[in-house]
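Here, each number is a calculation from the coordinates, and none is a lab measurement. Remember, it's a predicted structure, so these values are computed and weren't measured experimentally. Glycine also receives a Cβ, built like all others from the backbone with ideal geometry; neighbour counts cover every protein chain displayed.
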Amino acid sequence: MLNSLKNFKVQKGATQAQIDAVKDEVVSTAKSEGRYLTLPANQFEPDLNQPRKTFDKQALKELQQSIESKGQLQPILVKEKGDSGKYQIIAGERRWRAISDSQVIKNITAIVRAGSADDLLVLLMQLDENNKREQVPALENAEAIKRVVDICKADGYDQAHAASMIGISKGHLSKYLSLLNAPDHIKQLSLNGDTQDVVALYDLARAAKKNEKAVNVLVDQWKSGELEGSLRKASRELAENTSKPSKNKSATAKTPTIKKLNLIEKGGQLQIQIELDKKTVVFNLSEAALKELQSGLKIRQR
């Protein structure tokens, strides 16, 4: 079985045929090895590390009605029974939740994953299953994608390889990963369901590093409907503007150099004559000021 799994990729188009072929092989092998189960829903428990953290109640109700009408078309995938005495769910948690609330369906069909099964395949199947059935928060997908990248790196592959397995570009994968380090208020836009636009979230996070106040103003305008144009466009413009170096004239202005100091007397008035780079200035001095200046010049005059 592992030979076919190593070539597995989650992509658009031909993906479904690949997934179906792999699942058919998994079911057939599980039945022959006695790993195909039919048990009450309370014999299973969710995996806390599963990429999906949120579930739409209405979508679960619709799935429950579909299963009650057509039956459970695909078994869920579980680990060996743990210390709790239950089988931990690897893939198919939505089906388990839908059936758990059903008064019609009493049992769930499941496959116990073989010890040598490819964990990477399981994670890719979870990502694919989640995104095909209902939209997963971008941040949760980012966490799952990070796990794919970590597994690939452990096997000696880079991020480009991980991106090809998931079926996204390397640049898009990087945008997902950047969300994991985004400010909390940017992450909440995804977790709260405000937007799952990865590009917009990425640019908001970029802009927040330079000007968090401007980002908050932009988000408030967008939420209130006052923003002209799309959030993606506005976020990109803000990120680009905040990345430009600011021109601080006072910081870059050249400080004039004192080239020469002269003490002169003119019409009975003591004066100090200061010769700068491009001009000479003259100040009248009192006797007290002269004594103080003379004292200071002994230390500072070059």
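Length gained on full extension, residue 199 to residue 283, computed as 0.36 nm times the residue gap minus the Cα-Cα distance: 24.1 nm. Taken along the Cα-to-beta-carbon direction at a fixed 7 Å, the label points for residue 209 and residue 292 span 5.0 nm. How much FRET efficiency would the formula 1/(1 + (r/R0)^6) give for residue 174 and residue 59, where r is the Cβ-Cβ distance and R0 is 30 Å, rounded to 0.05? E between residue 174 and residue 59, to the nearest 0.05, is 0.50.
In sequence order, the stretch 68-75 has phi-based couplings of 5, 7, 10, x, 7, 6, 10, x Hz under the Karplus curve 6.51 cos²θ - 1.76 cosθ + 1.60, θ = phi - 60°, and Gly or Pro positions carry x. For residue 86 and residue 104, the difference between the fully extended length at 0.36 nm per residue and the C-alpha to C-alpha distance is 4.3 nm.
The string of couplings for the stretch 155-163 from the Karplus curve (6.51, -1.76, 1.60, θ = phi - 60°) is 8, x, 10, 9, 5, 4, 5, 4, 4 Hz, one whole number per residue in order, with x for Gly and Pro.
Computed over the stretch 56-107, relative contact order equals 36 percent, with contacts defined as Cα pairs under 8 Å that lie 6+ residues apart. Between residue 155 and residue 244, the simple spin-label model (points 7 angstrom out along Cα→Cβ) gives 4.6 nm. The slack between residue 221 and residue 39, meaning 0.36 nm per residue of separation minus the straight C-alpha distance, is 60.4 nm.
When the listed pairs 70/146; 61/146; 79/106; 175/213 are checked against a 24 Å cut-off, the alpha-carbon distance exceeds it for 70/146; 61/146. The stretch 73-100 and the stretch 145-209 have Cα centres separated by 27 Å.
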